[in-house]
Amino acid sequence: MSDDHGTIESLSALAHDAGESYPPSPEFRAQANQNSSEIYLRAAADPEAYWAEQAQNRLTWKKPFTEVLDWTNPPFAKWFADGELNVAENCLDRHVANGHGDRVAIHFEGEPGDTRTLTYAELTHEVKRAANMLASLGVTAGDRVAIYMPMIPETVIAMLAVVRLGAAHSVVFGGFSAESLRARIDDVEAELVITADGGYRKGRVSPLKPVVDQALELDDADGKPGTVKHVLVVNRGGNEVNMVDGRDLWWHEEITAYDGEHTAQGFPAENPLFILYTSGTTGKPKGILHTTGGYLTQVTTTFSDVFDIKPESDVFWCTADVGWVTGHSYIVYGPLSNGATQVMYEGTPDTPDWGRWWQLIEKYKVSIFYTAPTAIRSCMKVGRQVPEQYDLSSLRLLGSVGEPINPEAWRWYRDVIGAGKTPIVDTWWQTETGAMMVAPLPGLTSLKPGSSQIAQPGISIAVVDDDGNPVENGQGGLLVVERPWPSMVRNVWGDPQRFIDTYWDKFGDKYFAGDGARLDEDGDIWFLGRVDDVMNVSGHRLSTTEIESALVGHHAVAEAAVVGADDETTGQAVVAFVILKSQQHLITEAEAEQELRSHVASHIGAIARPRNVYVVNELPKTRSGKIMRRLLKDAAEGRKIGDTTTLADTMVMQLISDRVVAER
Ligand code: 6R9
């Protein structure tokens, strides 16, 4: 980093009210799973001992481990390597054995309103049957199985049946195209694909099996023959599908041949658990490899401590799709390993109307709710009168993940959804980190809107300059993880060199996360967005996130995305794209644009004043809800728009670039 720390510092200080902080209430603190800050000190004094203790106390091992961390061949870490466990047994059988078989594991709600309840005993039974079915289809330890499914219980059953056999799954989000699916199937060399005919989305059936067919019909890449021998199809959407003789099988027909007797075998802790491809970046997606023992340890620990889960009384709901890492860690493995009860919802928040989520919270008495800032901002845009029609009094804790949450959205979330009193845990982590890394502990941390604040116990985080030297409080830099952690990415599937180049080349033995962050005067961590989203305007480093936050802080703005566009005089210039709240039709777009330029200038400083503000109707987002600033940058710089295939709605960019051209 150059000499521009002062700019980040002063901008950040202005972008939020440094004094605003929400300590845990005495009642919350008294009942919290973690309510003594001594845990941080103990974990910092000996992180390996801390994680070994979590692994021992929270998991059931078939063969106890004697080794904790093996870092003799960095960056390839091994955790608990001589131990053996079965992940499915940890998520299922042991809860039944402990007398919790009758506890609800999943309250499933389909988009059309159909429901299904699965207790731990029932889920265990279904997973055992499915494991027997998969075994007879030839799945054995070390194999990879591709899963391309809607959000239904069979998706969880399929994942757990695969890992019960010691095989690894590669879940591909149901919104991905045939080409993306095929590339992922080929990369993991899957012999079995588990899918459904279709699933419900926005009031209609969205086909899946036909996409699998298309994927398998595509030409073999590089003359390598396709690997798929069977496609197992769950009956969900009722849409017409073509079954290929000898290859395709209906799940509901096959499963009848199998009973629920299946003994879980132990597998080494470094056995692959899953491969998940990272989304939204340029180039070939990376297959992020996770293994079992360390991953399950950190996911189980963070789920319990950050969400303060009481498995006997809480009802948890994470709105992510199982196709993303958030779904893997905090729908499947974290909740089930802890024996928690959760809601699983198939559809979108606006079907049949924007009340759906709040109606489900009321219906199932959800107590802990985990969603993304982009969803919160969409709900803000629709207005508080919608959630206000529902009884949300069961909620006692809220979580956020996926991108920095701007203070405006944080306050709205707490006030409107959390009745002005629930703690909000803003959890920073990545597909690569496997589990939460930076997040408040709700019984201990005085919360600051917009900040993820503090590393989890046993996790060493630093903010460093370009040379890897830690920055002082009050300064910005790059986020690194200083020591190996249990749920860390083990490799990029089939490409160890890429693993090294992407994450370890920059700082040697420190993991480079690709995120910018700033430490405030208390040493709390504020994420500033991806480092590739950091702009340099007249030699000053500006964060897209901070300017977006300022824009969203304006009463007329619902959503904003900011990019740095090439500029002849200043190097880069700030270009903003904003969606106005629905009631704003009274002012003209030109008025709004003028007003917002001044608003940013007065809130952050003249240096941050956007060169252009474009009022648009939609922003380009990936299917996981991340704004694709790369495409906005193309539009802002008058270039041909780049690859839009990972966009949820590919028309959006056409409208935006027309809008920009019209003003040139
Ligand atoms: C879990 C997940 C990872 C990237 C990460 C960062 C951003 C996620 C965040 C956050 C600020 C948070 N990110 N959570 N930024 N505050 N609480 O989202 O994984 O899809 O791999 O994305 O998302 O930029 O580097 P993934």
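At-a-glance table
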| read-out | value |
| --- | --- |
| Distance from the range 305-342 to the range 510-573 (C-alpha centre basis), Å | 31 |
| Pairwise centroid distance, computed over Cα atoms, of the range 345-418 with the range 66-118, Å | 27 |
| Taking the range 414-565 and dividing mean pair separation by its residue count, relative contact order in percent (alpha carbons under 8 Å, at least six apart) | 16 |
| Over the chain: Kirkwood hydrodynamic radius from C-alpha pairwise inverse distances, Å | 25.5 |
| Pairwise centroid distance, computed over Cα atoms, of the range 420-462 with the range 607-626, Å | 27 |
| Set of the range 73-105 residues, backbone N closer than 18 Å to the point 7 Å along the Cα-Cβ line of R498 | 75-76 |
| Accessible area per residue in Å² at 1.4 Å probe, computed on the chain | 37 |
| Taking the convex hull of Cα positions in the range 404-495, its mean projected area over all directions (nm²) | 7.8 |
| FRET efficiency for S206 and S136, using Cβ-Cβ distance with R0 set to 45 Å, rounded to 0.05 | 0.90 |
| Beta bridges per DSSP with both ends in the chain, % antiparallel, nearest 5 | 60 |
| Per-pair calculated FRET efficiency, R0 = 51 Å: T263 and W71 via Cβ, rounded to 0.05 | 0.90 |
| Set of lysines with alpha-carbon distance to K640 below 24 Å, sequence-local pairs under 8 removed | K284, K621, K626 |
| Kirkwood Rh and Cα Rg combined as Rg/Rh, the range 355-431 | 0.94 |
| Cα-centred dipole magnitude for the range 118-225, charges only on beta-carbon of K, R (+1) and D, E (-1), debye, nearest 20 | 520 |
| Which of G327, S367, T227, positive extreme of dipole for the chain (C-beta unit charges) | S367 |
| Whole-number percent relative contact order across the chain, with pairs defined as alpha carbons under 8 Å at least 6 apart | 14 |
| Prolate/oblate/rounded call for the range 540-626, Cα gyration tensor, a/c under 1.5 rounded | oblate |
| Label point distance in nm, E312-D649, each placed 7 Å from Cα along Cα→Cβ | 4.7 |
| The range 185-277: relative contact order in percent, alpha carbon pairs under 8 Å with at least 6 residues between | 30 |
| Candidate lysines for bridging to K62, where Cα separation is under 19 Å - those fewer than 8 sequence places away on the same chain excluded | K78, K128 |
| Taking all pairs of distinct alpha-carbon atoms in the range 152-310, Kirkwood radius in angstrom | 17.5 |
| Formal net charge of residues neighbouring A81 (Cβ-Cβ distance under 9 Å; K, R +1; D, E -1) | -3 |
| Stokes-Einstein D for the range 238-310, Kirkwood Rh over Cα pairs, 25 °C, 0.890 mPa s (µm²/s) | 143 |
| Relative intensity, log₁₀ I(q)/I(0), of the range 436-559 from a Debye sum that treats every alpha carbon as a point, q = 0.10, 0.21, 0.22 Å⁻¹ | -0.37, -1.29, -1.35 |
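The values are calculated or read from the model by the stated rules, or taken from the named source; none is laboratory data. All of these numbers come straight from a predicted model, not from anything done at the bench. Using ideal geometry, Cβ is built from the backbone for each residue, glycine included, and neighbour counts are taken over all protein chains shown. To get the accessible areas, we keep the full protein, side chains included, count just its heavy atoms, and leave off ligands, DNA and RNA. Shrake-Rupley method; radii C 1.70, N 1.55, O 1.52, S 1.80 Å.
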